[in-house]
Amino acid sequence: MARYLITRLGQALIVVVLVTVIAFLILHLLPGGAARATLGKEATLEQLAAFNHEMGYDRPLIQQYGMYVQRLLQGDLGYSYQLNQSVVEAIEQRLPKTMVLSLLSTLLAVVLAIPLGVLQAVRRNRWPDYAITALSLLAYATPIFFLGLMMIIVFSQVWPILPPEAPQGFTVAEVLADPAGLVLPTATLAIVTIAVYARYVRSSMIDNLNENYVRTARSKGLSERRVVLRHTLRNGLFPVITLLGMYLPALFSGALVVESLFNFPGMGQLFWQAALKRDFPILLGVTVIISIATVVGALIADLLYAAVDPRVRLRGSAT
Amino acid sequence: MSESIGPTARHSTPAVNAAAGRPLLELRDLDTDIALRRGTVHALDGVSLEVAPGQTLGVVGESGSGKTMTALSIMGLLPPGGRVTGGQILFEGRDLRSLPPDEVRRIRGVRMGMVFQDPLTSLNPTIRIGAQVAEPLRVHKRVGRAEARDRAIETLRRVGMPRPERIVDNYPHELSGGMRQRVAIAMALVCSPSLLIADEPTTALDVTTQRQILELIDDLREEFGMAVILVTHDLGVIAGRADRVAVMYAGRVVETAATEQLFHAPRHRYTEALMRALPESAIRESGGHDRLISIPGLPPDLSGPLTGCRFAPRCSYVSDECRTTDPSLVPGAHQHACLHPVPTPTVAVSGPVPAQVEPAAESVTAAPPERAERPVLSVRNLVKNYPVHGRGLLRRTAGQVSAVADVSFEVRPGETFGLVGESGCGKSTVGRLSVGLEQASAGQIVLDGTDLTDLTGRERRRMHRQVQLMFQDSYAAMNPRMRVDAILAEPLEIQKVGDSAARQARITTLLDQVGLPRRALERYPHEFSGGQLQRIGLARSLALRPRLIVGDEPVSALDVSIQAQVLNLMRDLQRELGLAYIFISHDLSVVDYMADRIGVMYLGKLVEIGPARDVVRAARHPYTQALVDAVPSITPDRAATRDGTTIRGELPSALDPPTGCRFRTRCPHAADICTTEPPLVGGLHQVACHLPLRPEPTSTPTPVQAFG
């Protein structure tokens, strides 16, 4: 087990290094450059050169990358002149708020999608299945900004029961203190996620209900309820684990569109604004964080699989 | 679960036991439909059967005959779209169709048990064995957790599971197929049912394991006084085990009688044809020289309306009356639904010769291949090891699976060399190595005097034209998006043979050779039946005019009547084209029929090799003898035997095979000397055993190649 973890973490490290290299290269090859973006249109060529020299931007790329990695290892993701704060500080401020939104919506999605998917599988090709399928496809196909806008129009304009803007609090506690403000962004995110998860649960449950072991369970005279809940559900939920693992990075990256739409100061918004302003340190910092989250998410999914499925043995832990 | 029914259920058992002779289960005119997208299939049409307590009823038939649907109808486990539409299912005197669903569910769980075909998929992969076995007790009898566990252990012990106290905490994937089938049987028996339905319980298992499981079911039936319905396609399995037999064809019971009577003197023409299509019948009657008596055509499509006898289109005794009159079962002890039954029981077996039986003369007089001729293929000291990767980043090789260990044999032109053994013995690996699909770890494969292991690249590819492979599952071995003409032309294109006109001519010839109509060229693989696909597979292997075809279980997935068609075709082509075959199969009776010489493999080793008749009828290696004894047979005196060489236990791991003789851990005759490795010695009939069962006959009267 320990050996397996070390192997996987080693692989993870390689992935993260590759991601930083690629992100670093792409960002530095963009025209314009950081100096112009930071100093503005009025800056003279001399000022730009001085800035570049001071920041080390005039040195060879490989050297710049070396410096970046060196600082990274010390937990220093750089400094954003545009925000006038360190990248770590900027992320620290926004990440918890993003996680509140993502966790709430994911939790809601899982709690609703599993029963819906199971219901669809059990009532396959009958009206509950058709109805949920139709709604899922609708949610799937609707652009999320449009869905969010409709939510705002319906629930805060036509029928004003909820605020159109997400909580603007500075800390997590302040955000949570305004639950009404969280309803619309959470619901918007959750609706799309429910549609995706329910489809997966449905098809996985249908596959499992057609398995021979389910027929064996029925031959024991078990009630349909027991056949579905005790015998099929656990095996049918394996794909959800993969989905959750893939979703982990989203907890960190935030939902770009929804955060912008509801003006929620989270990671998505941070990334979006940094991209507009060519704020390289922020862009790189967020990319590194997300790449780590992606690798860790995959690892967690694999570990969870091993925990719930006795057939899965982690390579390196057994023959 | 209404008041009036509850008490009846509790007291029903003594009532039935009192009424001796009353059937435990009686099906009356059962009709079952399956609604599919393309229409409704009338899977069962007026099926009537009965089973008395303590009796074994064998239900036999080919795919689509309705045998499994009968079992599933009784259990109420029909697939989606399936529905019993008429008739009665009387269990202990009550019609299951008129009882409330909860009541039927309880009867199904407590009074009946079912064992399914594929033990690898019929257990829940994520629930421990003990919990699965004890579940019916927990649910239906409200037994507590601790007691349920004890009862599970006890039941597992009864079905012959070693170390049941430990097995209860295992998961299914940790057990072998045979052991999983024991678990499935334990699960069906845990509530001591009065009826056990076993649907092809041993079809997925090796013959020696099959024998163990069938004996187990027999013993349990006596011990529990259960009735058993044994559903199978294998006439041999039924012949040895059942009291009565019902033969099904196209959704109907066409004949039913006491087992001995039915096998001794079948009356229905279908039953007769089915028995004569078995390779063992051909061997018994002609020593294997004759073509098999195949049943032409395919069973009817059950979704359309059918008039007359359903077997009429394939029957050689058909008259006009058969096509218009729907025969019903003649009442009596031996019932059959045939207008022209096999006449008198005593002469039945050697009765009138059906029209399509071809004279044997041709094959007997066929010129035996030159003895001095150089072998087509010569395999010398072949070794194949598969590395097993260990832990850590570098995945160092932690050990190796010894799949093939020092195997040598020759195949002469025009000869069929049979390779038999159970799963995991390495026979398929030898096949794949011979066609060059895999690289040998050591040893030589000499094809027509050229050692393939020396060759590389293009030369190797050219040589491999000479050897082609034929698969068990031809459908899986064909690209479903390619038409048959493209499938057949592909080998020619790869080897750059001829121009497109020449290729076209070649594939048309091929199609004629395997007996398929020209219009097959424009169709896709899914449009063909299993037997037709094997023909296409054979045509593809013939495309490059090979001298040797390696058939890996080429007929194992086919029904008996279709199997006979394909085996006949393979023999005909051998004679016409002078082909040699390596015929790999787990089925000793098929190999016995097809092969001139047989090699028997066990755990990577060739333990015995010799002329086919001698290996099967005068086996020298104890393992070969055990295999021979385990093969179910329809011959009454052979079928019932329960002695002979029986091997117990499980196949050892090929990762760490036993030292010395690899079979010694399961051999009934093992002695101290067996810890040293026995060499393969002898003249024409060689054996690798220190203590062979019998010496090699001093003179071999017939040269090996004379069997053609």
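Write down the percent of antiparallel bridges among all DSSP beta bridges whose residues are both part of chain B, to the nearest 5.
Numbers: 53 of 89 bridges.
Approximately 60 percent, going by the DSSP bridge assignments.
In whole Hz, what ³J(HN,Hα) sequence does region B:69-75 give by Karplus (6.51, -1.76, 1.60; θ = phi - 60°), x for Gly and Pro?
For region B:69-75, the Karplus-derived couplings read 5, 4, 4, 5, 5, 4, 7 Hz, x marking Gly and Pro.
Defining a contact as two alpha carbons under 8 Å apart and six or more residues distant in sequence, what relative contact order in percent does chain B show? Provide the component values of the computation, followed by the final result.
Working: 1389 pairs, mean separation 87.8, N = 708.
Across chain B, relative contact order equals 12 percent.
Using only the alpha-carbon atoms of region B:80-188 as identical scatterers, what base-10 log of I(q)/I(0) does the Debye formula give at q = 0.11 Å⁻¹?
Log-scaled intensity ratios, in q order: -0.41.
Between A:GLU89 and A:GLN64, what is 0.36 nm times their sequence separation minus the Cα-Cα distance? Round to one decimal in nm.
Length difference between fully extended and current span is 6.8 nm.
Quick check: the angle from helix B:129-140's long axis to the longest principal axis of chain B, C-alpha only, nearest 10 degrees?
With rounding to tens, the tilt is 20 degrees.
Would you kindly derive the ³J(HN,Hα) couplings of region B:207-215 from the backbone phi angles with the Karplus curve 6.51 cos²θ - 1.76 cosθ + 1.60 (θ = phi - 60°), listing them in order in whole Hz, with x for Gly and Pro?
4, 5, 6, 3, 4, 4, 5, 5, 5
Averaged over all directions, how much area does the convex hull of the C-alpha atoms of region B:377-706 cover when projected, in nm²? All intermediate terms of the calculation are to be shown ahead of the outcome.
Numbers: hull surface 79.1 nm².
Averaging across all directions leaves 19.8 nm² for the Cα convex hull.
Treating only the Cβ atoms of Lys and Arg (+1) and Asp and Glu (-1) as charged, compute the dipole magnitude of region B:377-706 about its Cα centre; round to the nearest 20 debye.
Details: 39 positive and 35 negative charges, 146 e Å.
That gives a dipole near 700 debye.
Please report the net charge: other residues with Cβ closer than 15 Å to the Cβ of A:SER136, K and R +1, D and E -1. Write down the numbers at each step before the final one.
On the way: positive: A:ARG123, A:ARG124, A:ARG199, A:ARG202; negative: A:ASP129.
Result for the local shell: +3.
How would you rank B:213-223, B:118-128, A:234-244, highest first, on the average number of other Cβ atoms within 10 Å across their residues? The partial results should precede the final answer.
Working: B:213-223: 16.9, B:118-128: 20.4, A:234-244: 18.6.
Top to bottom by mean Cβ count within 10 Å: B:118-128, A:234-244, B:213-223.
May I ask for the angle, rounded to the nearest 10°, between helix B:484-494 and the longest principal axis of chain B, with both axes built from Cα atoms and the value confined to 0 to 90°?
So the inclination is approximately 30 degrees.
Evaluate the relative contact order of region B:504-579 (contact order divided by residue number), counting alpha-carbon pairs under 8 angstrom at least 6 apart; express in whole percent.
Working: 45 pairs, mean separation 24.5, N = 76.
Relative contact order of region B:504-579: 32 percent.
Counting pairwise Cα distances across chain A, what percent come out greater than 30 angstrom? Intermediate values should be presented prior to the final figure.
Numbers: 25222 of 50721 pairs.
Every Cα pair in chain A considered, those over 30 Å come to 50 percent.
If r is the Cβ-Cβ distance from A:LEU137 to A:THR171 and R0 is 51 Å, what FRET efficiency results, to the nearest 0.05? Each step should come with its number before you reach the end.
Details: r = 39 Å, r/R0 = 0.77.
Once rounded, the FRET efficiency stands at 0.85.
Place a +1 charge on the Cβ of each Lys and Arg in region A:92-308 and a -1 charge on the Cβ of each Asp and Glu, then give the dipole magnitude about the Cα centre in debye, rounded to the nearest 20.
Details: 16 positive and 11 negative charges, 212 e Å.
In debye, rounded to 20, region A:92-308 gives about 1020.
5 Å is the cut-off here: which amide hydrogens, built 1.01 Å from N in the peptide plane, fall below it relative to B:MET470, excluding neighbours closer than 5 in sequence?
Result for B:MET470 returns B:VAL550, B:GLY551, B:ASP552.
Choose one of B:SER281, B:GLY61, B:THR40: the residue whose Cα lies farthest towards the positive end of the charge dipole of chain B (beta-carbon charges +1 Lys, Arg; -1 Asp, Glu; about the Cα centre).
Toward the positive end, the furthest listed residue is B:THR40.
Per-residue Cβ counts within 10 Å, from other chains only, averaged over B:126-136: what number is that? Display every interim value, and only then the final one.
On the way: counts 9, 7, 1, 0, 0, 1, 5, 1, 0, 7, 4.
Other-chain Cβ atoms within 10 Å of each residue's Cβ, averaged: 3.
Along the charge dipole of the protein assembly as shown, pointing to its positive end and built from +1/-1 on Cβ of Lys, Arg, Asp and Glu, which listed residue (B:THR307, A:ALA90, B:TYR602) has its Cα farthest out?
Selected residue: A:ALA90.
Per the Cauchy relation, a quarter of the hull surface: what is the mean projected area of the convex hull of the alpha carbons in region B:533-607, in nm²? Write out the running numbers ahead of the final one.
Details: hull surface 21.4 nm².
Its Cα hull, projected and averaged over all orientations, spans 5.4 nm².
What does region A:28-108 give for Rg and for Dmax, in Å, if only its C-alpha atoms count?
16.8, 55
Send over the Kirkwood Rh of region B:394-498, from the inverse of the averaged 1/r over different Cα pairs, rounded to one decimal Å.
On the way: mean 1/r = 0.0609 Å⁻¹.
Averaging 1/r across every pair of different Cα atoms and inverting gives 16.4 Å.
Arranged from highest to lowest average of other beta-carbon atoms within 10 Å per residue, in what order do the peptides A:266-272, B:667-673 appear? Could you put the intermediate results ahead of the total?
On the way: A:266-272: 24.0, B:667-673: 13.6.
Order by mean packing, descending: A:266-272, B:667-673.
Hey, can you rank B:191-200, B:473-482 by average C-beta count inside 10 Å, highest first?
Details: B:191-200: 22.4, B:473-482: 14.5.
Packing proxy ranking, top to bottom: B:191-200, B:473-482.
Between B:ASP451 and B:ASP512, what length in nm is gained on full extension when 0.36 nm per residue of separation is reduced by their alpha carbon distance? Write out the running numbers ahead of the final one.
Details: separation 61, 0.36 × 61 = 21.96 nm, distance 3.42 nm.
Answer, rounded to one decimal: 18.5 nm.
Distances longer than 50 Å among the Cα atoms of chain B: what percent of all pairs is that? Each step should come with its number before you reach the end.
On the way: 41303 of 250278 pairs.
So the pairs more than 50 Å apart make up 17 percent of the total in chain B.
Using only Cα positions of region B:160-238, each an equal point scatterer, no hydration layer, compute I(q)/I(0) via Debye at q = 0.24 Å⁻¹ and quote the log10 values to two decimals.
-1.27
Calculate, for B:VAL497 and B:GLU677, the FRET efficiency according to 1/(1 + (r/R0)^6) with r their C-beta to C-beta distance and R0 60 Å; round to the nearest 0.05.
0.85
Please label the shape of region B:125-188 as rounded, prolate or oblate, based on the square roots a ≥ b ≥ c of the eigenvalues of the alpha-carbon gyration tensor (a/c under 1.5 means rounded; beyond that, a/b larger than b/c means prolate, else oblate).
Details: a/c = 1.74, a/b = 1.55, b/c = 1.12.
Cα axes put region B:125-188 in the prolate bin.
State the dimensionless ratio Rg/Rh of the protein assembly as shown (Rg: radius of gyration of Cα atoms; Rh: Kirkwood radius).
With Rh from the inverse mean 1/r over Cα pairs, Rg/Rh is 1.04.
If you fit an axis through the alpha-carbon atoms of helix B:101-110 and take the longest principal axis of the Cα set of chain B, what angle between them do you get, 0 to 90°, nearest 10?
Between the helix axis and the principal axis of chain B, the angle is about 60 degrees.
Rounded to the nearest 0.05, what FRET efficiency do A:TYR305 and B:ASP169 give with R0 = 22 Å and r taken as the Cβ-Cβ distance? Could you check? Please list the in-between numbers first.
On the way: r = 21 Å, r/R0 = 0.95.
Efficiency, rounded to the nearest 0.05: 0.60.
Step through the residues of region A:202-213 one at a time and calculate ³J(HN,Hα) from phi using the Karplus curve (6.51 cos²θ - 1.76 cosθ + 1.60, θ = phi - 60°), rounding each to whole Hz and writing x for Gly and Pro.
4, 5, 5, 5, 4, 4, 5, 5, 8, 6, 5, 5
Read-outs throughout are calculated quantities, based only on the coordinates presented, and are distinct from any laboratory measurement. Just so you know, these numbers come straight off a predicted model, no measurement behind them. Quick reminder, even Gly has a Cβ in these numbers, built from the backbone with ideal geometry, and neighbours come from all protein chains shown.
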